[in-house]
1. What is the ratio of the Cα radius of gyration of region 13-111 to 2.2 N^0.38 Å, with N the residue count, to two decimals?
2. Please work out the FRET efficiency for the pair Glu80 and Arg109, using the Cβ-Cβ distance as r and a Förster radius of 25 Å; give the result to the nearest 0.05.
3. Could you check the spin-label model distance between Glu63 and Arg33? Points 7 Å from the Cα along Cα→Cβ, value in nm.
4. Using 0.36 nm per residue, how much length does the chain from Lys71 to Thr124 gain when fully extended, once their Cα-Cα distance is taken away?
Amino acid sequence: MAGRRPGRYPRRMIRVTDDIALSESEITESFVRASGPGGQNVNKVATAVQLRFDARGSPSLPEGVRRRLEKLAGARLTREGVIVIFADRFRTQERNREDALQRLLALIRRAVPEPKPRRPTRPTAASKERRLKAKSERSGVKRLRRSPPPVE
């Protein structure tokens, strides 16, 4: 990803969908020490990956996808519009890098389809009838549970 190859090599494109591809230069990674298992190795090697993708500034994303992606990202989105994904599931840096990238691509793919607009519908006469019947039956059950009024 970013910082892996010297500038004289062309950047690789990462295919998200048939229409959308991200440039490697849009993704930055930093490596930190991971918590969890790893024995003595855990204190020496930075295997956890923090992947950053500037969703708001990305030229690769159409506007609609960008808006939906920002909504889907939730707490992973910073105020500046950068999506931060932290991956430390695996013991190797390479597997964590791949995991973080796959999670980012899955998030973008979820944002691609445009949601269908909801068309308001009216309840049918039969469904209204069923609802009212259920309500009256329930009120009848509750009526039977009441204690009888005190006799004077």
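1. 1.14
2. Computed FRET efficiency for Glu80 and Arg109 comes out at 0.60.
3. In this crude label model, Glu63 to Arg33 measures out at 4.8 nm.
4. The span from Lys71 to Thr124 would gain 15.6 nm if fully extended.
Rule-based calculations on the coordinates, nothing more; no lab input. Note that the coordinates shown come from a computational prediction; the quantities given were computed from them, not determined experimentally. Here Cβ is always computed from backbone atoms with ideal geometry, including for glycine, and neighbour counts include all displayed protein chains.
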